[in-house]
Amino acid sequence: EPDVTIVSGLKDMVVFEGDDVTFRCQVSHENARDVEWKLQDVALQNNEMNEISVEKGKVHTLTLRKVTEQDIGTVTFRVGRHTSTA
């Protein structure tokens, strides 16, 4: 399997409490496996508060819904041994 790398990393975001925020990270190959999103070192799952998806096969997105002060911190995207943080 080819080594999947990060082509376009995460960008820092500033949002207001109660708003949604979306983070995007583009990878080099479609159908990347071994992908993980974290907030403050806690792995995130796709649920009603966190929407995790893939657009056009290579753009991985994380949307945090109705953010609160507890959501302040570092968001990390990892694919294989490559990471990007915001």
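The values are calculated or read from the model by the stated rules, or taken from the named source; none is laboratory data. In this text, all values refer to a predicted model and were calculated from it rather than measured experimentally. Using ideal geometry, Cβ is built from the backbone for each residue, glycine included, and neighbour counts are taken over all protein chains shown. In case anyone asks, the SASA skips ligands and DNA or RNA and just uses the protein heavy atoms, side chains included. Shrake-Rupley method; radii C 1.70, N 1.55, O 1.52, S 1.80 Å.
Assorted remarks:
- Extension gain for VAL7-ALA86 works out to 26.9 nm (0.36 nm per residue, less the C-alpha to C-alpha distance).
- Rounded to the nearest whole Hz, the Karplus-based 3J(HN,Hα) values (6.51 cos²θ - 1.76 cosθ + 1.60, θ = phi - 60°) of region 62-72 follow the sequence 10, 10, 9, 8, 6, 5, 10, 4, 5, 8, 5, with x at glycine and proline.
- Normalising by residue count, region 2-86 has a Cα convex hull of 84 Å³ per residue.
- Placing +1 on the Cβ of every Lys and Arg and -1 on the Cβ of every Asp and Glu, with no other charges, gives the chain a dipole of roughly 260 debye about its Cα centre.
- Ordered from largest to smallest accessible area (heavy atoms of protein chains, 1.4 Å probe), the residues VAL54, VAL27, VAL35 come out as VAL54, VAL35, VAL27.
- Applying a DSSP loop filter and a limit of 16 other Cβ atoms within 10 Å to the chymotrypsin sites (Phe, Trp or Tyr not before Pro) in the chain leaves PHE16.
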